[in-house]
Structures are given as C-alpha cells and as structure tokens.
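S.K.: Questions regarding the structure given below will be posed in turn.
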Amino acid sequence: MLHIATVHFQSPRWIEIQTRYLREHVSVPYQTWTSLAQIDPSYGSHFDHVVDQMGNHPEKLNHLAIEISREAADDDLLMFIDGDAFPIADPMPLIDASLAKAPLMAVRRAENLDDKQPHPCFCVTTVGAWRRIPGDWSPGYVWRNDNGERVTDVGANLLRQLEITNTPWVQVLRTNAKNLDQVFYGIYGDVIYHHGAGFRSDLFTRVRSAELPTFKPPPRAPVVGRLVRRNNFRKRRAWEIKTQADMQRQSTAMHAKIAGGGREWLAELM
C-alpha cells in the first residue's frame, strides 16, 4: 500500500487538481492523508484521511507520518508531496528504480542556489525506513549555498539524519526543457510537477532574493546618510512590490491553465 501525505493551507484551489492527477497516474493502490487548515471541511471528501493539525508545514508533515505509521506496515510506501505538486506521469517506475538503490528518494532543488536537502514537494520512502532514520522535516541544520550564505530550510534535519546514519538517498532533479522561473513551475524526474509557493503570494526564493538590485551606500554624514538610507528603503520596497506582483500574475495564469484541463500547459515546460 502507498500512503500519500500532503498538506493544504488556507486555499482549496489545488485540491481537485492534485487528487485528479493522482487518480490518473498512480498505478498502485493508495490512500491519501491531509490536513485542511482554514479550508472548508467539505473538501475532505477528496481524501481518505483528514487529520486535525496545528503548527507549521514541517511539523504537519511529521505529524502525518506519525498517524500513517500507527496503521501502516513497515514495508508500505510513504510519499510526501506538497499540496501544489502532483504527478504528470506514473511515478511508480521511478519510485521502484530509486528505492532499489537507496531507502529514500526525494527532489533536491539544486536550482535554488544548490539546496542540499531532500525537499517534501516529492519524497518517497517506506514507513519502516522513515522510522529507522528517523525522518524529520524540520529546518535547523545549516549549509552554505552557492552565494556562501549560511542557510537552512524544510528538510534540513532530514539531510543531517541521513548523513549521521550513512543512509544514501536518490536525488530527483529538475528536468524542465524550458524554465518560466528559476525555481517555480518545476518538473522533476519527468514525472512530478511542483508549482512552488502555491499557497503564498509573498514568497521569495533565494535565487529571486539574490536578484535584489544594489543601492548606493549611505555616507557617514548623519543627515545625508539618513536620506540615502530612506531612499534605498523606498527603492527596495518598490522592487519587492513589483517583483511579487509579477510573480503572482504568472502564478495565477499558470494555475488557470492547469485547472482548465488538458496538457497544453506542459508544452511550456517540456
């Protein structure tokens, strides 16, 4: 049995899309587990199990794994998939081939300034392996990205657990033929689509943040320095507002194409 853990937050707009693609492409028996924070409970009819939860995204994923482990067998498959992610082809051949090599497979977003960690937009292991590692989606563990910055993110502690236990994992990388964004709208392993920031309109990836224009450094003179700092702040805020608006327009347009049905939208990426 395959157990699929996914979290939806505030908006139900990905629920019908995700569950439709799961039905179309997952070729083995499966059960879906989710939480529906600030979403009409009637959407629970799309899932096999709805778990009442509080907390942030990594905490919810960890809790779903606990609930699944209560009734699943050790050799059952455990899939984590973001609420704005879904298969565009049968994922089982990739899953079977990957788990024949290592006990865990997951997306690694190398395109996000060389993120090191497994990402929960798509990750598959067995229930027994998740217990043994033990799995943990929390941030905390730190690495340096391509800009030399110290960073952590969801999946960081899972990466550290894999390192400490010498557990190998299969990295599923981006396979877009065309990139509408450096990080968002990603195809991974030719089988998984991840929209990115599907429940947030204000999220900057590290790649996007690195594009922030440089501004004139303020002089030491107190009065002039204050004026330059204020001007820099206004320019920075204007850039953030415009960039977020552009990202939101693109995200909304892509969602509308996907929700409209068909596969024409994939031609823009593949």
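S.K.: What are the residues in region 90-115 that are of a type in the set (Asp, Glu) and either part of a helix (DSSP H, G or I) or over 23 Å from Leu22 (Cα atoms) (or both), if any?
M.R.: Hits for region 90-115 are Asp96, Glu111, Asp114, Asp115.
S.K.: Right, next: Answer yes or no: is there a residue in region 227-241 that is more than 25 Å from Asp153 (Cα to Cα), in contact with an Asp or Glu (Cβ under 9 Å, 6 or more places away or on another chain) and at pLDDT 70 or above. Before you say what the answer is, go through the steps one by one.
M.R.: If we filter region 227-241 for residues that are more than 25 Å from Asp153 (Cα to Cα), which is where we start, we get 227-235, 238.
With in contact with an Asp or Glu (Cβ under 9 Å, 6 or more places away or on another chain) added as a condition, the list becomes none.
No, region 227-241 contains no residue that is more than 25 Å from Asp153 (Cα to Cα), in contact with an Asp or Glu (Cβ under 9 Å, 6 or more places away or on another chain) and at pLDDT 70 or above.
S.K.: Quick check: anything in region 11-18 over 21 Å from Ser138 (Cβ atoms), surrounded by 16 or more Cβ atoms within 10 Å (Cβ to Cβ) and touching a Pro at 6+ places or on another chain (Cβ under 9 Å)?
M.R.: For region 11-18, residues over 21 Å from Ser138 (Cβ atoms), surrounded by 16 or more Cβ atoms within 10 Å (Cβ to Cβ) and touching a Pro at 6+ places or on another chain (Cβ under 9 Å): absent.
Every residue, every condition in (1) in a helix (DSSP H, G or I); (2) touching a residue at least 12 places away in the same chain (Cβ under 8 Å); (3) touching a strand residue (DSSP E or B) at 6+ places or on another chain (Cβ under 8 Å); (4) basic (Lys, Arg), yes or no:
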{"residue": "Arg234", "(1), (2), (3), (4)": "yes, no, no, yes"}
{"residue": "Ala238", "(1), (2), (3), (4)": "yes, no, no, no"}
{"residue": "Thr243", "(1), (2), (3), (4)": "yes, yes, no, no"}
{"residue": "His255", "(1), (2), (3), (4)": "yes, yes, no, no"}
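Let's see how each residue does on (1) of a type in the set (S, T, N, Q); (2) within 20 Å of the chain's Cα centre (by Cα):
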position	(1), (2)
Leu36	no, yes
Asn56	yes, yes
Ala65	no, yes
Asp74	no, no
Met79	no, yes
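S.K.: So, in region 7-30, exactly how many residues are closer than 16 Å to Ile95 by Cβ and assigned to a strand (DSSP E or B)?
M.R.: Our first condition is that a residue be closer than 16 Å to Ile95 by Cβ; within region 7-30, this holds for 21-22, 25-30.
Of the ones still in play, those that are also assigned to a strand (DSSP E or B) are 30.
Residues flagged as closer than 16 Å to Ile95 by Cβ and assigned to a strand (DSSP E or B) within region 7-30 amount to 1.
S.K.: Please enumerate the residues belonging to region 98-126 that are buried (at least 22 other Cβ atoms within 10 Å of the Cβ), touching a residue at least 60 places away in the same chain (Cβ under 8 Å) and aliphatic (A, V, I, L, M).
M.R.: Leu104, Met105, Ala106, Val107
S.K.: Hey, among the residues in region 127-154 that are in contact with an Asp or Glu (Cβ under 6 Å, 6 or more places away or on another chain) and either among the hydroxyl-bearing types (Ser, Thr, Tyr) or outside any loop (DSSP other than H, G, I, E, B) (or both), which one's farthest from Gln18 (Cα to Cα)?
M.R.: Looking at residues that are in contact with an Asp or Glu (Cβ under 6 Å, 6 or more places away or on another chain) and either among the hydroxyl-bearing types (Ser, Thr, Tyr) or outside any loop (DSSP other than H, G, I, E, B) (or both), I get Gly128.
S.K.: Scan region 155-177 residue by residue and report those that are of a type outside the set (Gly, Ala, Ser) and in contact with a strand residue (DSSP E or B) (Cβ under 6 Å, 6 or more places away or on another chain).
M.R.: Residues of region 155-177 that are of a type outside the set (Gly, Ala, Ser), as a first pass: 157-176.
Hits for region 155-177 are Trp169, Val170, Val172, Arg174, Thr175, Asn176.
S.K.: Quick check on Asp146: is it closer than 15 Å to Gln117 by Cα and touching a Pro at 6+ places or on another chain (Cβ under 8 Å)?
M.R.: When the stated conditions are applied, Asp146 does not pass them.
S.K.: Testing Ile95 on (1) within 30 Å of Arg13 (Cβ to Cβ); (2) of a type in the set (A, V, I, L, M, F, W, C); (3) surrounded by fewer than 21 Cβ atoms within 10 Å (Cβ to Cβ), one condition comes back false. Which one is that?
M.R.: Condition not satisfied by Ile95: (3).
S.K.: State whether one or more residues within region 247-256 are of a type in the set (Val, Ile, Thr), closer than 30 Å to Asn62 by Cβ and at pLDDT 80 or above.
M.R.: In the first step, residues of region 247-256 are kept if they are of a type in the set (Val, Ile, Thr); the result is 252.
Pick out the ones that are also closer than 30 Å to Asn62 by Cβ and you get none.
For region 247-256, residues of a type in the set (Val, Ile, Thr), closer than 30 Å to Asn62 by Cβ and at pLDDT 80 or above: absent.
S.K.: Tally up the residues in region 25-35 that are over 19 Å from Glu67 (Cβ atoms) and either among the hydrophobic types (A, V, I, L, M, F, W, C) or free of Cβ contacts under 8 Å to residues at least 40 places away in the same chain (or both), please.
M.R.: Start the filter on region 25-35 by keeping residues that are over 19 Å from Glu67 (Cβ atoms), which leaves 25-28.
Applying the additional criterion that residues be either among the hydrophobic types (A, V, I, L, M, F, W, C) or free of Cβ contacts under 8 Å to residues at least 40 places away in the same chain (or both) yields 26, 28.
Within region 25-35, residues that are over 19 Å from Glu67 (Cβ atoms) and either among the hydrophobic types (A, V, I, L, M, F, W, C) or free of Cβ contacts under 8 Å to residues at least 40 places away in the same chain (or both) number 2.
The values are calculated or read from the model by the stated rules, or taken from the named source; none is laboratory data. Here the structure is a predicted model, which means the values were calculated and not measured. Quick reminder, even Gly has a Cβ in these numbers, built from the backbone with ideal geometry, and neighbours come from all protein chains shown.
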